[in-house]
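For reference, the structure discussed in these notes is given below.
The values are calculated or read from the model by the stated rules, or taken from the named source; none is laboratory data. It should be emphasised that the depicted structure is a prediction, and the values quoted were computed from it without experimental measurement. Cβ atoms come from the backbone with ideal geometry, glycine included; neighbour counts cover every protein chain shown.
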């Protein structure tokens, strides 16, 4: 199943909470978001995430409990792919060039070594 639609900033925030907890109700989500969002808005976001294929719900008594459909890594890969296409025209080297030239991105020696290792491994594959 292909996930539909991009995630907004708030949807990312909601998905992070769902992944962190494994399952969540609308009331729990509203509380976790520190009251910065109405209950009706929370329910709208949950319905939208369900329609996009990110969440499913089960009835537990009088409440719905929402759970992720896909593993976090699978969703991250999809979002990274959309980012790559949207901002870099599919160019992985463009992403790396941007990261390496951005003075605000503080890459450690360990991260740079890990990138080199991944590049070497990709060449061998």
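Points to keep in mind about this one:
- Extreme residue, nearest to the chain's Cα centre (by Cα), among residues of the range 78-94 that are free of Cβ contacts under 8 Å to residues at least 12 places away in the same chain and surrounded by 13 or more Cβ atoms within 10 Å (Cβ to Cβ): 84
- The residue of the range 31-53 that is farthest from the chain's Cα centre (by Cα), among those that are surrounded by 12 or more Cβ atoms within 10 Å (Cβ to Cβ) and under 15 Å from residue 6 (Cα atoms), is 47.
- Set 72, 63, 67, 56: member being surrounded by 11 or more Cβ atoms within 10 Å (Cβ to Cβ), farther than 18 Å from residue 20 by Cα, in contact (Cβ under 8 Å) with a residue 12 or more places away in the chain and in contact with a helix residue (DSSP H, G or I) (Cβ under 9 Å, 6 or more places away or on another chain): 63
- Test: residue in the range 54-68 that is outside the structural domain of residue 118 (by TED's automatic domain parsing) and assigned to a helix (DSSP H, G or I): no
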